[in-house]
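Structure first, commentary second.
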Amino acid sequence: MKKILLAMALALLGVQAAHANGELRYNTEGKVLIRFWFDEVFVGSAQRSNLITMQKDLLAAMQDVGKHSLGMKFESADLNTIYTVRLPPPRGVRFAQSESLTNFMRVRAPRDGVVDVLIHNYGNTPTGTCDYDIVPGGTGSTENTWGWSLPRAPVNGAAGGSIAITAKASCSASSTQLRSFGAILDTFAHELGHVLQLPDFGSTYASCKTRPSASVMCQTTASGIRRSYKTWFLADVRIVRTAFFGANRRNPVLACYEWSSYQACDTNCVNGAGFPNPGATELYNACRVQQCNNICSN
């Protein structure tokens with residue numbers, strides 16, 4: 001029964017990420033080579049096709065960030081294959097603190113030039129306990145710590161580090177609910193930010209109080225604001241690029257000097273296509289080819 005519930009929940013993880021359309025805004029340089037890993041226990045209860053879709057969509061989302069915010073190249077090898085590790089299990093029923101990351105690095109030693117990303121299905125709380133299990137039927141207040149990361153120093157513009165992310169929605173041992181794709185993407189982008197040498201931001205930071213969305217690096221945000229994997233403020237971009245390429249290359253290089261015009265044209269095509277009516281995608285694509293693509297052609 002658990003396997004059936006997990007498979008059904010994983011179907012919900014296959015939702016496509018919201019990808020930016022069109023040409024490069026910035027030239028991409030450097031290299032963030034991502035290798036995805038899945039814990040054997042998680043893979044054993046999941047549909048492999050859903051996991052393949054997940055890793056493809058996670059990479060595609062960050063490639064858009066690279067092309068439209070950071071000016072950095074994100075890539076991965078063989079996304080049609082599921083790579084697994086036998087993660088040493090927690091000492092109890094869930095991990096405590098950074099135990100999941102530590103155990104992952106025991107079986108996949110950190111490497112320069114590669115970002116190893118583990119996705120597992122264990123609970124992971126600050127103390128290894130869960131209020132939901134201490135008081136059966138209670139509401140509880142314990143939440144999972146969604147991700148952990150340990151960056152390595154960049155080498156010739158290439159990122160390195162290790163990341164561990166839980167796909168489990170509740171810390172309760174009895175729960176089989178999985179997190180949504182959007183939630184996993186949010187954690188993935190945040191932990192990648194650490195690998196790219198960015199710190200956590202608190203709610204007092206200006207980038208955590210900016211509407212409509214806060215920096216992906218915000219731990220907490222002002223009331224009514226949510227962080228977004230797409231939101232990388234200029235200060236964030238400059239910290240990353242200075243760490244990887246030096247202060248003289250802290251700003252990404254424009255690939256399209258008429259980006260605003262391209263975006264306006266693309267928006268007109270979206271508005272005129274008639275979504276979600278049948279055929280809207282075809283109308284949108286034709287409009288973009290005929291009216292927009294010559295604006296930012298490379």
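What follows draws every value from the coordinates through simple rules; no lab data is involved. Quantities reported herein were computed from a predicted structural model and do not represent experimental measurements. Note that each Cβ is placed from the backbone with ideal geometry, even for glycine, and that neighbours are counted across all protein chains shown.
Computed over the Cα atoms of the range 82-216, what is the ratio Rg over Rh, Rh following Kirkwood? The partial results should precede the final answer.
Details: Rg = 16.0 Å, Rh = 16.0 Å.
Rounded to two decimals, Rg/Rh equals 1.00.
Take the Cα of T220, step 7 Å along the line toward its Cβ, and report every residue of the range 188-213 whose backbone nitrogen sits under 14 Å from that point.
Residues 201-205, 208-209 fall inside that zone.
So how much slack lies between R250 and E282, counting 0.36 nm per residue of separation and subtracting their Cα-Cα distance, in nm? Each step should come with its number before you reach the end.
On the way: separation 32, 0.36 × 32 = 11.52 nm, distance 3.89 nm.
Extra length available between R250 and E282 comes to 7.6 nm.
Using the Cα atoms of the range 144-297 to build a convex hull, what is its mean projected area in square nanometres?
Reported value for the Cα convex hull: 12.9 nm².
Can you list the HN-Hα couplings for the range 36-41, worked out from phi with the Karplus curve (6.51, -1.76, 1.60; θ = phi - 60°), rounded to whole Hz and with x for Gly and Pro?
8, 10, 10, 5, 4, 5
Using the Cβ atoms and a cut-off under 15 Å, what net charge is assigned to the surroundings of D116, where Lys and Arg are +1 and Asp and Glu are -1? It would help to have the intermediate numbers written out before the result.
Numbers: positive: K31, R35, R86, R106, R108, R111, R152; negative: D39, E75, D78, D112, E191.
That works out to +2.
If you take the alpha carbon radius of gyration of the range 243-298 and divide it by 2.2 N^0.38 Å, what ratio comes out, to two decimals? Let's see the in-between values first.
Numbers: Rg = 15.9 Å, N = 56, 2.2 N^0.38 = 10.2 Å.
With N residues counted in the range 243-298, Rg over 2.2 N^0.38 Å equals 1.56.
Taking 20 Å as the cut-off for C-alpha to C-alpha distance, list the pairs among K31/K56; K168/K209; K209/K230; K67/K230 that go past it. If you can, show how the numbers build up before the last one.
On the way: K31/K56 17 Å; K168/K209 29 Å; K209/K230 16 Å; K67/K230 11 Å.
Violating the 20 Å limit, Cα to Cα: K168/K209.
Among Q263, A46, A77, flag the residue with its Cα farthest along the positive direction of the charge dipole of the chain, charges on Cβ as +1 for Lys/Arg and -1 for Asp/Glu.
Working it through, the farthest residue towards the positive pole turns out to be A77.
Given DSSP loops and a limit of at most 16 other Cβ atoms within 10 Å, what is the longest stretch of the chain that contains no such GluC sites (Glu not before Pro)? Could you put the intermediate results ahead of the total?
Details: sites that count: E143, E258.
Result, exposed sites excluded: 1-142.
How compact is the chain by the rule of thumb for globular proteins, expressed as Cα Rg over 2.2 N^0.38 Å? If you can, show how the numbers build up before the last one.
Values: Rg = 20.3 Å, N = 298, 2.2 N^0.38 = 19.2 Å.
Rg over 2.2 N^0.38 Å, computed on Cα atoms: 1.06.
Under 1.5 on a/c is rounded, so check that first for the range 69-160, then, if it is not, pick prolate when a/b is larger than b/c and oblate when it is not; a ≥ b ≥ c are the square roots of the alpha carbon gyration tensor eigenvalues. Mind dumping the intermediate values first?
Details: a/c = 2.40, a/b = 2.11, b/c = 1.13.
Since a/c reaches 1.5 and a/b is larger than b/c, the shape of the range 69-160 is classed as prolate.
I want the local charge near E99. Using Cβ-Cβ distances under 11 Å, sum +1 for each Lys or Arg and -1 for each Asp or Glu among the other residues.
+3
From the helices alone, meaning DSSP H stretches of at least four residues, give me the mean residue ellipticity at 222 nm for the chain, per-run term -39500 (n - 2.57), in deg cm²/dmol to the nearest 500. Walk me through the numbers on the way to the answer.
Values: 9 runs with 98 residues, N = 298.
Rounded to the nearest 500, the figure is -10000 deg cm²/dmol.
With r as the distance between the Cβ atoms of K230 and Q291 and R0 = 25 Å, compute the FRET efficiency 1/(1 + (r/R0)^6) and round to 0.05.
Numbers: r = 24 Å, r/R0 = 0.98.
Efficiency for this residue pair is about 0.55.
When every alpha-carbon pair in the range 191-275 is counted, what percent end up more than 22 Å apart? Display every interim value, and only then the final one.
Numbers: 1565 of 3570 pairs.
Across the range 191-275, Cα pairs with separations above 22 Å total 44 percent.
Mind listing the phi-derived Karplus ³J(HN,Hα) values for the range 82-92, rounded to whole Hz, using 6.51, -1.76 and 1.60 with θ = phi - 60°, and x for any glycine or proline?
9, 9, 10, 10, 8, 6, x, x, x, 5, x
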